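First up is the structure itself, then whatever we jot down about it.
The values are calculated or read from the model by the stated rules, or taken from the named source; none is laboratory data. Everything numeric here is computed off the predicted structure, so don't read it as measured data. Every residue, glycine among them, receives a Cβ derived from its backbone with ideal geometry; neighbour counts consider all protein chains shown. With ligands, DNA and RNA removed, areas are computed over all heavy atoms of the protein, side chains included. Shrake-Rupley method; radii C 1.70, N 1.55, O 1.52, S 1.80 Å.
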Amino acid sequence: MTCIIIEDEIPAQNILKNFLKKLPDMKLVATFKAAIEANNFLKNETVDMVFLDINLPDISGIDFIKTIKNPPAIIMTTAYPDYAVSSFELDTIVDYLVKPFSFDRFLKAINKVKNRIEKPEAINPDQTEILFLNVDKTLHKIVLDDIIYIESDRNYITVITTKQKLSYIESLKSWKEKLPDNQFIQTHKSYIINRKFVDKIAGNEIYVNSNRLPIGRTYKQDLLKKLNIV
């Protein structure tokens, strides 16, 4: 994948460059200190990914994204974590790296971009995606399409499907990474729902297969976008 860096601090540029050198499938095309320089480049060139600092000398990174027509995937970099919530309101932003960040955290951001832009292989309609959950020393077959919603309660996860209900120790975050993003939507810090079972939305509650679940304030905008509200 191709990428550019927009970062006015040389030490931060060097860290990104050194991390990128460790990934043979990544190609750094150009590096810029200012958004205006990058804007001219992006008018004529296409890249898969942009590492973008929020605090730039001429225009903020977030405001710069709003000026780009068909922007590539964006990974924000900054020393100020307070910007995280507002930056994720822009759909093109895939991840947010708070300086100083480790190589492991950097690699996780790269993988998020790959998962978003890589086209999935053609799916045979006769094949159904399944997994097996090890609960109480028994392997339970789960058809992903049958999952109605997943609920988190402290260290426990409860998976509610059309056929069964299973609880075991796991994190909601790990489940979110397993599930197809176009079908499963996190609606609250404790819930992920299957969009195919959504009945209706009333205020800050969503009805999923007749189950009334809360909608978290920070998740509502993304939920409405993914449900194609008209």
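For (1) open to solvent by less than 80 Å² (accessible area, probe 1.4 Å); (2) under 18 Å from residue 112 (Cα atoms), each residue gets a yes or a no:
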| site | (1), (2) |
| --- | --- |
| 3 | yes, yes |
| 17 | yes, no |
| 25 | yes, yes |
| 31 | yes, no |
| 35 | yes, no |
| 43 | no, no |
| 54 | yes, no |
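Between 173, 165, which is loosely packed, with under 12 Cβ neighbours inside 10 Å and under 19 Å from residue 207 (Cα atoms)?
Working: 173 fails: under 19 Å from residue 207 (Cα atoms).
Just a single option satisfies the conditions, and that option is 165.
Per-residue answers, yes or no, for (1) within 26 Å of residue 108 (Cα to Cα); (2) of a type outside the set (D, E, K, R); (3) in contact with a Ser or Thr (Cβ under 6 Å, 6 or more places away or on another chain); (4) part of a strand (DSSP E or B):
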| site | (1), (2), (3), (4) |
| --- | --- |
| 167 | no, yes, yes, yes |
| 174 | yes, yes, no, no |
| 181 | yes, no, no, no |
| 187 | yes, yes, no, yes |
| 196 | no, no, no, no |
| 199 | no, no, no, yes |
| 218 | yes, yes, no, no |
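Of the residues making up the stretch 94-127, those that are within 20 Å of residue 222 (Cβ to Cβ), modelled with pLDDT under 85 and open to solvent by 70 Å² or more (accessible area, probe 1.4 Å) are 115, 116.
I'd like to know if the stretch 137-145 contains one or more residues that are open to solvent by 60 Å² or more (accessible area, probe 1.4 Å), of a type in the set (A, V, I, L, M, F, W, C) and in a helix (DSSP H, G or I). No, the conditions are met nowhere in the stretch 137-145.
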